[in-house]
């Protein structure tokens, strides 16, 4: 339940608590109405009523707060046990992404041909099941990001084949360059997202260790 809903619920309960005595008190002064007991009896009843309700609410809130803290702490402990494995898998995924990024950069430095890029893409795609399994153990966001990376490699391979199939050598070379530039930018963004995910998890882990 969101904080605003809790606030409205508590305010509503408090209004009911304080309106009941007012309503009962008003009934006592209605002409022709028969009310059992005198004013002192009702004052004692209303005091007991408010005390019991307020005490019950305070007790319930404290119990709920304690349960929430216990669940939160257990999650932190579980995360602490799982994080080292998550960090290891994140490092392996990052290594694959960075290796491909280096191949792309080397292409523009004329140190690698598009065939080297394609071969590396095929090599990574052969590990797709393992990469997806590792990312799934990290987080849903990591899984989506790695899946985007693998889809990008598949699209890149198709576009390279298409560009290489152009009969005019100069046009073919220009088409390959355009594809490389487009996917270089995409790979950089995916790698940044992966680093951001892992940094967030690392910060959470060390924060939990401190507190």
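The values are calculated or read from the model by the stated rules, or taken from the named source; none is laboratory data. Since we're looking at a predicted model, the values are computed, not measured. All Cβ positions, even for glycine, are placed from backbone atoms using ideal geometry, and neighbour counts span all protein chains on display.
Checked against (1) at pLDDT 90 or above; (2) over 30 Å from residue 82 (Cβ atoms), residue 151 meets all criteria but (2).
Taking region 136-153 as the search range and keeping residues that are touching a residue at least 40 places away in the same chain (Cβ under 8 Å) and more than 17 Å from residue 79 (Cβ to Cβ), which one is surrounded by the fewest Cβ atoms within 10 Å (Cβ to Cβ)? Can you show your working first?
In the first step, residues of region 136-153 are kept if they are touching a residue at least 40 places away in the same chain (Cβ under 8 Å); the result is 137-139, 141-142, 145-146, 148-149, 153.
Next, from what is left, pick out any that are more than 17 Å from residue 79 (Cβ to Cβ): 145-146, 148-149, 153.
On the way: 145: 22, 146: 25, 148: 14, 149: 24, 153: 22.
Once the filter is applied, the top-ranked residue is 148.
Is there a residue being at pLDDT 85 or above and either surrounded by 14 or more Cβ atoms within 10 Å (Cβ to Cβ) or in a helix (DSSP H, G or I) (or both) anywhere in region 45-63? Please lay out each step first, then the result.
Initially, region 45-63 is screened for residues at pLDDT 85 or above, giving 63.
With either surrounded by 14 or more Cβ atoms within 10 Å (Cβ to Cβ) or in a helix (DSSP H, G or I) (or both) added as a condition, the list becomes 63.
Yes, the conditions are met somewhere in region 45-63.
Of all residues in region 100-116, those being free of Cβ contacts under 8 Å to residues at least 24 places away in the same chain and surrounded by 12 or more Cβ atoms within 10 Å (Cβ to Cβ) number 6.
Quick check on my filter: what residues within region 154-172 are surrounded by 15 or more Cβ atoms within 10 Å (Cβ to Cβ) and not in a helix (DSSP H, G or I)? Of everything in region 154-172, nothing turns out to be surrounded by 15 or more Cβ atoms within 10 Å (Cβ to Cβ) and not in a helix (DSSP H, G or I). For residue 20, are the conditions met, namely being at pLDDT below 70, touching a helix residue (DSSP H, G or I) at 6+ places or on another chain (Cβ under 9 Å), surrounded by 10 or more Cβ atoms within 10 Å (Cβ to Cβ) and in a helix (DSSP H, G or I)? Considered against the rule, which asks whether it is at pLDDT below 70, touching a helix residue (DSSP H, G or I) at 6+ places or on another chain (Cβ under 9 Å), surrounded by 10 or more Cβ atoms within 10 Å (Cβ to Cβ) and in a helix (DSSP H, G or I), residue 20 comes out as yes.
Please determine whether any residue of region 72-85 is part of a helix (DSSP H, G or I), in contact (Cβ under 8 Å) with a residue 40 or more places away in the chain and either under 21 Å from residue 187 (Cβ atoms) or more than 27 Å from the chain's Cα centre (by Cα) (or both). Checking region 72-85: not a single residue is part of a helix (DSSP H, G or I), in contact (Cβ under 8 Å) with a residue 40 or more places away in the chain and either under 21 Å from residue 187 (Cβ atoms) or more than 27 Å from the chain's Cα centre (by Cα) (or both). For region 110-123, the criterion of being more than 19 Å from residue 176 (Cα to Cα) and under 28 Å from the mean Cα position of the chain (by Cα) is met by no residue.
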